[in-house]
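Everything below concerns the one structure shown next.
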Amino acid sequence: MKIFKFFITKIFLRKVVITSSVLLLLFLANYLVFIAARSNLSVLQGYKEIKRINQKGNFIANLNPDSDMDMGAFKKNDTQNVYNYLNNNFKYALFTDGFIVSLPNDYDMEVSFGYVNEEYYKLNPFEISQGKNLYFDYHFDSDIEIPVLIGKGLSKTYPLGSTIRIDDPVLEKPITLKVQGILKPNVYHSNFHALSSKQYYNFSVILPVNEEFIKNSNISFQLNGLFDIILLQTSKDKIEDLGKVIQDNLGLKFNFYTQQENYDYFNKYYFNSLKIIAIATTVLFLIITFLSVWNSLVSIRLMIKDFTINLFVGLSYSKLRKIFYGYYGILFFINLIALFFITAYSRYGNWLRKDASFVTYGLFGLIGMDWFALLVVLLSDIIIGIIIVEIMLWRIKKVPISLGVLQ
Amino acid sequence: MKKIIDLNIQEKVYKSKKSQISILNNFTLEVNAGEKISIVGQSGVGKTTLLNILGLLDVNYKGTYRLFGSLTDDLNASQLAQWRNQKIGFILQESALINSLTIEDNIKLPLLYAKSSENYREKDFENITNALGIKSILKKKPFECSGGEKSRAVFARGIIMKPELILCDEPTASLDIDNSERIMNLLFKMNEDFNTTIITVTHDLEVANRHEKVIHLKRRT
């Protein structure tokens, strides 16, 4: 230990520029791996989620980007006509969220309402940690207590079984909600148009909607519901008819994509971009690793006299190997700690900004995907460490310990 | 007299991409404990190579080397390092100091690798630095010292473990007459006081002739 301490304090740390540049390069490599690992995991999570929805016979709606839309021009009857047609001819999955309400809570966080129908709930369920699942066959009247699921962040203020009286943003009237279940921490839904990003429901209320609820909801809700609606177990012909009904009533052109078209789309955009990210990350990683090795070799050249003198007076190569591994272990540890704090601070920042859609719960502030990415960084560090140390030793051994080195 | 070195080199080859050089062919050397030997010869004949082999720094040669009664082939890398630390002292040119360390740290460097039971040698530090007159420069860095002071520091490091064998590589090369005399006197005092064996490589014939035996290395014709 005293030999290791000697090398750290009296040899390596005295070469401030070299140590700092090695540390910086390794941090860049670590950060790159961390971001790539986390993004890829997030995309895979999103892909897994969409795979549940993108079944054979299902069509996912998408507003044609060329459609002109003037929210003020729509009438409730027009949107309701579309839903009437849907109710009579289709099974459909509907989920729409992001309706902000002012609901007092311990964290003073903005609360978002999400509305889910039974088919969507079956297709892409919300995992609960307490209570029961939602039910949808309630009769909609002014006295009803609508069963809801709430995020973990609201569970302290609104425990299981409690009721919430609130002006609902889509019904535009006061309703009573009954807490039926508490969502598991960090329950999320991925953004299907950007699979790596996701919304967390720790400060959300999930309301079950049925035909009656939709009928009583406002235009904004009905339109938003249509934009990502999923038509289940249907055919291309029926979908074309639906397209005409929407066009006739709303003047909007919708695209409905089959399972195959969706796969093609994902393959074209996401997997290609994933491939590009993976290749770019690998290339950058290799360049940074090469620079780190080069930097280490320069340091060897500058410190060869110091090493040789130590080898003269009793240091052995095996001891030197242990010292190098220990030294790089410390550098990697510093980087891992830095990454940990940056990530934890970034997660904590969401709490400070009261960004309800992104606040998360985790071990020391980090969620599962962060820990996974840190683990990948650790593995990459072990690989880089072995490469650098073995190359350094190879270089040192290439110049044999000899009096000649000092002459 | 106890024989401490029994070296028999058949051949030492230096290879480069284009050629190879063979030196010290069929070279033998026997040294008894307490002997003072100097090695002289032209540049390139293998003086430093011989010192490297004697000091267990170079083990890549054809031949056998028995040191303190043990065959060095039987020692692993860690044992070789341990012997370099405890049995052999290297007295090198004044440049062989680590610039980021103080003179004190440079001198005490071998203690870092000593077994914990050897730590009593810490006490010798005081006596050696007093005898060499370098107490005043202990906290200085090598670049703040004169050539003579640095030579004495290198000398102090070479003897702090009280080695049985001292290998000197041009110990007086960059010194003035006074400092050169001082170093050689200290070296021979070690020999007298502790029966330390001394082998010196030098270009300086005057220094060489002060040893009991002078070995002239010559290039094979």
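Somewhere in segment A:274-282, is a residue β-branched (Val, Ile, Thr) and closer than 17 Å to A:ASP228 by Cα?
no
Find the residue count for segment A:9-27, including only residues that are within 14 Å of chain B (Cβ to nearest Cβ) and in a helix (DSSP H, G or I).
Selection size over segment A:9-27: 8.
Looking at A:GLN259, A:GLN222, A:GLN199, A:GLN233 in this structure, which one is crowded, with 19+ Cβ neighbours inside 10 Å and either at pLDDT 85 or above or closer than 17 Å to A:ILE50 by Cα (or both)?
A:GLN222
Would you mind stating whether A:ILE206 is at pLDDT 95 or above and in contact with a strand residue (DSSP E or B) (Cβ under 7 Å, 6 or more places away or on another chain)?
Yes, satisfied.
Would you mention how many residues in segment B:114-145 are assigned to a helix (DSSP H, G or I) and either at pLDDT 90 or above or closer than 20 Å to B:SER180 by Cα (or both)?
The number of residues fulfilling the criteria is 11.
So A:ILE144 fits all but one of (1) under 14 Å from A:SER112 (Cβ atoms); (2) among the aliphatic types (A, V, I, L, M); (3) surrounded by fewer than 21 Cβ atoms within 10 Å (Cβ to Cβ); what number is the exception?
That leaves (1) as the condition not met.
Look at segment A:173-213 and say how many of its residues are closer than 26 Å to A:ASP355 by Cβ, charged (D, E, K, R) and not in a strand (DSSP E or B).
1
Being closer than 19 Å to B:ASP6 by Cβ and facing another protein chain (nearest Cβ under 7 Å) is the filter here; which residues of segment B:54-103 pass it?
B:LEU57, B:ASP58, B:ARG84
Residues A:LYS75, A:LYS152: which one is in contact (Cβ under 8 Å) with a residue 12 or more places away in the chain and either more than 30 Å from A:PRO185 (Cβ to Cβ) or of a type in the set (Ser, Thr, Tyr) (or both)?
Of A:LYS75, A:LYS152, the one residue that is in contact (Cβ under 8 Å) with a residue 12 or more places away in the chain and either more than 30 Å from A:PRO185 (Cβ to Cβ) or of a type in the set (Ser, Thr, Tyr) (or both) is A:LYS75.
B:GLU126 - would you say it is among the charged types (D, E, K, R) and surrounded by fewer than 23 Cβ atoms within 10 Å (Cβ to Cβ)?
Against the criterion (among the charged types (D, E, K, R) and surrounded by fewer than 23 Cβ atoms within 10 Å (Cβ to Cβ)), B:GLU126 qualifies.
Is it the case that A:THR282 is crowded, with 16+ Cβ neighbours inside 10 Å and more than 30 Å from B:ASN76 (Cβ to Cβ)?
So A:THR282 does not fit the description; no.
Test A:TYR345 against the stated conditions and say whether it is over 30 Å from B:GLU94 (Cα atoms), part of a loop (DSSP other than H, G, I, E, B), of a type outside the set (D, E, K, R) and away from every other protein chain (no Cβ under 14 Å).
When the stated conditions are applied, A:TYR345 does not pass them.
Conditions tested, residue by residue: (1) within 14 Å of chain B (Cβ to nearest Cβ); (2) among the β-branched types (Val, Ile, Thr); (3) crowded, with 18+ Cβ neighbours inside 10 Å.
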| residue | (1), (2), (3) |
| --- | --- |
| A:ASN30 | no, no, yes |
| A:ARG52 | no, no, no |
| A:GLN55 | no, no, no |
| A:MET69 | no, no, no |
| A:PHE74 | no, no, yes |
| A:ASN77 | no, no, no |
| A:VAL82 | no, yes, yes |
| A:ASN87 | no, no, no |
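Is at least one residue of segment A:115-133 within 24 Å of the chain's Cα centre (by Cα), outside any strand (DSSP E or B) and charged (D, E, K, R)?
Checked segment A:115-133: at least one residue is within 24 Å of the chain's Cα centre (by Cα), outside any strand (DSSP E or B) and charged (D, E, K, R).
Based on what the data block shows, is A:THR308 polar (S, T, N, Q), crowded, with 16+ Cβ neighbours inside 10 Å and within 14 Å of another protein chain (Cβ to nearest Cβ)?
Yes.
The values are calculated or read from the model by the stated rules, or taken from the named source; none is laboratory data. Bear in mind the structure is a predicted one, so any value in this text is a computation, not a measurement. Ideal geometry is used to build each Cβ from the backbone, glycine not excepted, and the neighbour counts take in all protein chains shown.
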